[in-house]
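Just so it is clear, none of the values below were taken in a lab; they were calculated from the coordinates. Values in this document were obtained by computation on a predicted structure and should not be read as measured data. Positions of Cβ are generated from backbone atoms using ideal geometry, with glycine treated the same way; all protein chains shown enter the neighbour counts.
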Amino acid sequence: MKATNEGVLLLNGKEVGFIEGQTVLEVAQVNGVHIPTLCHLKEMTPTGACRICCVEIKGMRTLAAACSTPATAGMEVFTETEKVHKARRLIVELLVSSGQHNCISCEANGNCRLQDLVYFYHIEKQAFASPEVPLYPTDADNPFIVRDFSKCILCGRCVQACNEMVVNRAITIGYRGAKSKVVTGGDGSYMGSDCVFCGQCVEVCPVGALVENKGRGTGRNWETKKVRTTCPYCGVGCQQLLHVKGGKIVKVTAVQDAQPNKGRLCIKGRFAYDFIYSKERLTTPLIREKDQFREASWDEALDLVASKFKEIIGSDGPDAVAGVSCARSTNEDSYNMQKLFRAVFKTNNIDHCART
Ligand code: SF4
Ligand code: FES
């Protein structure tokens, strides 16, 4: 079927339309043809680092990376040939041989693209001897992110997410050959680097090389219920998924493809959910009497607030009162707050504490 007048190519023998600028991978995805990816990060510059997305294109001497090959008119693409599967299997075997991927204890067990590919290709043992690679100690020197480079497949997604998606530019790929690894400036700890701990690197890591520190050992991916919600911090309204086990949040991730954050979260949205379980959290209204607070019912507290508003407006007019709506309120609550001040109290003294 010709989707646009931009161009037509043959995908596994079937005519499909494409829009100029689309890659072979994007054309395949639009047409429901699965091509595995590891390094590919949607809407970011393709790096072609892992080659797992290789496909056969008629007339090309070698297999091409679908994620970085532009679709062109008349192209004949094959995604499932024997040559393609042999190459993909070899890539997976090499990746498995190049690190220490202990699935049993890995935090990413059940949520790992490498594990999925190993399963798909029935790879039951390590095909190649491990190269002489340094043993990397697990780096958990900060409260947010744990790094285990013995599981890193050097796909570069974390680097791209840091540099291109959230533009913090805190990490890069350092060293050469078998010693290559993801490093901060000067290969120091995250704590001493430019990292702002947004955790975007963790979000995009396709294996268990980067994981949330707090969530470790608290719930496997298949054990948690994913609850979509709006981030309770500033007014941007980022969409997030709470991973909940036994009524407790074990980690927070971003909703992919949802506005306004499109898969991104900041440090607060991703990591700062402990306040929910704080023992210091106020759960009962408190009324101040002289220098003391005493617990009150909601009815009593609300009646007191209403009577004070009436009293002040009665004696000094509506502009004697002002309201500041909380950034954690929903849009609907903030709307009602301004209605209360403007329409009921008759004052425009109403604002919001975070208008970002
Ligand atoms: Fe890829 Fe994860 Fe390694 Fe970064 S840490 S290069 S995202 S495997
Ligand atoms: Fe295409 Fe990695 S997904 S090269």
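On the stretch given as the range 302-333, residues that are surrounded by 11 or more Cβ atoms within 10 Å (Cβ to Cβ) and over 29 Å from E289 (Cα atoms) total 1.
Summed over the range 13-65, residues that are touching an Asp or Glu at 6+ places or on another chain (Cβ under 6 Å) and either within 16 Å of ligand 1 (Cβ to nearest atom) or of a type in the set (S, T, Y) (or both) total 1. The residues in the range 310-356 that are more than 28 Å from the chain's Cα centre (by Cα) and free of Cβ contacts under 8 Å to residues at least 12 places away in the same chain can be counted, and the count is 15. For the range 104-134, name all the residues that are more than 16 Å from ligand 1 (Cβ to nearest atom) and hydrophobic (A, V, I, L, M, F, W, C). Passing the criteria: I104, F120, I123, A127, F128, A129. Within the range 43-58, work out how many residues are near ligand 2 (Cβ under 6 Å from one of its atoms) and either of a type in the set (F, W, Y) or surrounded by fewer than 20 Cβ atoms within 10 Å (Cβ to Cβ) (or both). Residues that pass the stated criteria total 2.
In the range 152-196, how many are over 21 Å from F271 (Cβ atoms) and charged (D, E, K, R)? Total satisfying the criteria: 5. Among the candidates K251, K268, the residue that is buried (at least 18 other Cβ atoms within 10 Å of the Cβ), within 23 Å of T218 (Cβ to Cβ) and among the charged types (D, E, K, R) is uniquely K251.
Scanning the range 22-42 for residues that are within 11 Å of ligand 2 (Cβ to nearest atom) and of a type in the set (D, E) yields no hits at all.
Could you look through the range 156-199, keep only residues that are touching a helix residue (DSSP H, G or I) at 6+ places or on another chain (Cβ under 9 Å), outside any helix (DSSP H, G or I) and within 20 Å of A108 (Cβ to Cβ), and pick out the one that is nearest to ligand 2 (Cβ to nearest atom)? Steps first, please.
At the first step, the residues of the range 156-199 found to be touching a helix residue (DSSP H, G or I) at 6+ places or on another chain (Cβ under 9 Å) are 157-162, 165-166, 168-175, 181-182, 192-199.
Okay, now just the ones that are also outside any helix (DSSP H, G or I), so 166, 168-175, 181-182, 192-199.
Checking which are within 20 Å of A108 (Cβ to Cβ) leaves us with 171, 181-182, 197-199.
Numbers: I171: 18, K181: 18, V182: 16, F197: 27, C198: 23, G199: 22 Å.
That would be V182.
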